[in-house]
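The values are calculated or read from the model by the stated rules, or taken from the named source; none is laboratory data. This is a predicted model, so every value here is computed, not measured. Cβ: placed from backbone, ideal geometry, glycine included. Neighbour counts: every protein chain shown. We work out accessible area using only protein heavy atoms, side chains counted, and drop any ligands, DNA or RNA first. Shrake-Rupley method; radii C 1.70, N 1.55, O 1.52, S 1.80 Å.
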Amino acid sequence: MAAPSAAGLSRRLRAWLPRLTQVRWSRYNPSFLEPEVNKELYRKPWEELTEEEKEKLELKAVQPIKAAPPSVSTSVFSDPMISKFTNMMMKGGNKVLARSLMAQTLEAIKRKQLEKYHKAPEDEKETIECNPYVIFHQALKNCQPIIGLSSITKGGKTYQVPVPLKDNRKRFLAMKWLITECRENKNRRMLMPEKLSQELLQAFNNEGPIVKKKHVLHKMAEANRAYAHFRWW
């Protein structure tokens, strides 16, 4: 039996195509709206909203909305950077323990700063930061290196070539150094939240072993600047 021609095959398929229905892999109907996870939108008063934002809010009052993913939250206490740090600190998938350690760390920072605030004279109280979230972000920023070293082989020799770091790599190195320092150079009787709060406060003041490690990396990159031309990208 001769094989069907291309024209005959296309006619047969055309007869079946209208019967095919698209499979929807989402559990939600197409009429469901996407969730709004921008916290700033909820803090705005009604008078400051644009016409488009008002129309969206009015539409969401009468139309069903999809559930937000578990990694996103509109809570004022939700912080993606702290969530990332918690995930890096987690061991064996025990996220409850990691969250508890992070909460105890922020509480220890708050207690230490409040104690320092009440003992300080009146003219110095305004310069003392008591918000643990601000301290965490500033400490993380102070620990981030600007330039790093990459191993590049040329002519059978391996050189440590200084390369600029991307933002994700900077944050990763800062978090990794903080967690490694707290785990390896911690007193046996000292708990993790106490050590982590101590390191964060030192980094907030541009002090401590993490900031020193960043400066050492910068000095090594400065010493190897003669190999910078090996970086081709």
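Go through the stretch 65-94 residue by residue and tally those that are open to solvent by 100 Å² or more (accessible area, probe 1.4 Å), within 16 Å of the chain's Cα centre (by Cα) and without any contact (Cβ under 8 Å) to a residue 12 or more places away in the chain.
3
Restricting to the stretch 36-64, and then to whatever is surrounded by 13 or more Cβ atoms within 10 Å (Cβ to Cβ) and among the hydrophobic types (A, V, I, L, M, F, W, C), can you tell me which residue is nearest to the chain's Cα centre (by Cα)?
Val37
Please find, within the stretch 164-195, the residue that is nearest to Ala226 (Cα to Cα) out of those that are in contact with a strand residue (DSSP E or B) (Cβ under 8 Å, 6 or more places away or on another chain) and buried (at least 16 other Cβ atoms within 10 Å of the Cβ).
Applying the filter and picking the extreme gives Leu165.
With respect to Gln22, determine if the residue is more than 30 Å from His137 (Cβ to Cβ) and either outside any helix (DSSP H, G or I) or modelled with pLDDT of 85 or more (or both).
Yes, satisfied.
Go through the stretch 108-155 and give me each residue that's out of contact with any His (no Cβ under 7 Å at 6 or more places or on another chain), over 13 Å from Phe204 (Cα atoms) and open to solvent by less than 30 Å² (accessible area, probe 1.4 Å).
Ala108, Ala120, Gly148, Ile152
List the pairs whose first member sits in the stretch 216-228 and is on the phi > 0 side of the Ramachandran plot, whose second member is open to solvent by 90 Å² or more (accessible area, probe 1.4 Å), and whose Cβ atoms are under 8 Å apart, counting only residues at least 6 apart or on separate chains?
Note: no pairs meet the criteria.
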